[in-house]
Structures are given as C-alpha cells and as structure tokens.
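Asker: To start, I am sharing the structure in question, which I have written as structure tokens.
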Amino acid sequence: MTNAETLELIALYANNALTSFTIYISFTFGFLITAFIVGAKLTHYQVFVVCALYVISVGSMAISLIVNMQVWVAIKESHATIIDELPLANGTFWITYMCIVLMGGILVSLYFLWDIRQGHKLNSFK
C-alpha cells in the first residue's frame, strides 16, 4: 500500500470515528433534554425504556467509535507515514481517553435523569 493510500484509509476510519462521536453526542443531548423536560413525570417503566434505549444507542456508537479508532491505529502502526512523527497521534492514548469520556458521559447522563426524578431540579447550581 502506498503512503497516500495509507493516509486515505486512516482519514476514512478517523472520519467514521468522528461521525460515531457526533451521533453519540446527539443521542446524549436528546436524552438530557428529555430527562430535563419530562423526567420527573415519567413512570418507572418509561424511565427503564428510555434509559435502556439510551444505553443501547450510545453504547453502539461508543463501540463503533472505538472499533474505527482501533482500525486506524492498526493501519498507522503497520505502515510508516508522516503521522508517525506527530506526538498527538498516539492511538493508545486516544482509545483510552475516548473510552473514559464515553463511559463517563453515559454515567453522568443517567445520574442526571436520576437527579431530576429525585426532585432536585438542579437547585444546587443556584
């Protein structure tokens, strides 16, 4: 594979990872808005369904993001390119970092719904 082909493949998988992250963010903000507006009014069954759909949806996007990152890292490590000279192109760092960010986002979002349902309604920020 030529240098240009390698860079194109890396860019393709990096773009796929960014697309997955964008969808993850969209699902998360949709969940947070729903939680804020109607969270206190939902029945236990509705909360379960909304949380399950949220976790399944963002979990799928998180897995997609990580897999695409693993592919571009594997391509980068198997073929020498100019990317090897970039200190911020460390695949292990980015995969670990994104796993922490994604899982943290899911947990914080679920806590947000729980907090709304407990009647706190963000009074601690006033």
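The values are calculated or read from the model by the stated rules, or taken from the named source; none is laboratory data. Small disclaimer: the values here were computed from a predicted structure and weren't measured. No Cβ is skipped: glycine too gets one built from the backbone with ideal geometry, and neighbour counts run over all protein chains shown. What goes into the accessible areas is simple: the full protein's heavy atoms, side chains included, and nothing from ligands, DNA or RNA. Shrake-Rupley method; radii C 1.70, N 1.55, O 1.52, S 1.80 Å.
Yes or no, residue by residue, for (1) more than 22 Å from Ala74 (Cβ to Cβ); (2) open to solvent by less than 30 Å² (accessible area, probe 1.4 Å); (3) β-branched (Val, Ile, Thr); (4) in contact with a Pro (Cβ under 7 Å, 6 or more places away or on another chain):
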residue	(1), (2), (3), (4)
Ile10	no, yes, yes, no
Asn15	no, no, no, no
Leu18	no, no, no, no
Leu32	yes, no, no, no
Thr43	yes, no, yes, no
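Asker: So, one more: Identify the residue in the stretch 20-30 that is hydrophobic (A, V, I, L, M, F, W, C) and surrounded by 14 or more Cβ atoms within 10 Å (Cβ to Cβ) and, among all such residues, is farthest from Ile63 (Cα to Cα). Before you say what the answer is, go through the steps one by one.
Answerer: At the first step, the residues of the stretch 20-30 found to be hydrophobic (A, V, I, L, M, F, W, C) are 21, 23, 25, 27, 29.
Remaining after also requiring surrounded by 14 or more Cβ atoms within 10 Å (Cβ to Cβ): 21, 23, 27.
Working: Phe21: 10, Ile23: 12, Phe27: 14 Å.
Result: Phe27.
Asker: I've got another one for you. For the stretch 50-81, enumerate the residues that are more than 14 Å from Met103 (Cα to Cα), of a type in the set (Val, Ile, Thr) and open to solvent by less than 50 Å² (accessible area, probe 1.4 Å).
Answerer: Val50, Val71, Val73, Ile75, Thr81
Asker: If I ask for residues that are outside any helix (DSSP H, G or I) and among the aliphatic types (A, V, I, L, M), which ones from the stretch 78-98 would you list? Give the derivation first.
Answerer: Of the residues in the stretch 78-98, the ones outside any helix (DSSP H, G or I) are 79-81, 86-90.
Those that are outside any helix (DSSP H, G or I) and among the aliphatic types (A, V, I, L, M): Ala80, Leu86, Leu88, Ala89.
Asker: Does Leu88 count as out of contact with any strand residue (DSSP E or B) (no Cβ under 8 Å at 6 or more places or on another chain), in contact (Cβ under 8 Å) with a residue 60 or more places away in the chain and either exposed (fewer than 14 other Cβ atoms within 10 Å of the Cβ) or over 30 Å from Asn3 (Cα atoms) (or both)? Can you show your working first?
Answerer: Working: out of contact with any strand residue (DSSP E or B) (no Cβ under 8 Å at 6 or more places or on another chain): yes; in contact (Cβ under 8 Å) with a residue 60 or more places away in the chain: no; either exposed (fewer than 14 other Cβ atoms within 10 Å of the Cβ) or over 30 Å from Asn3 (Cα atoms) (or both): yes.
Judged against the criteria, Leu88 is not a match.
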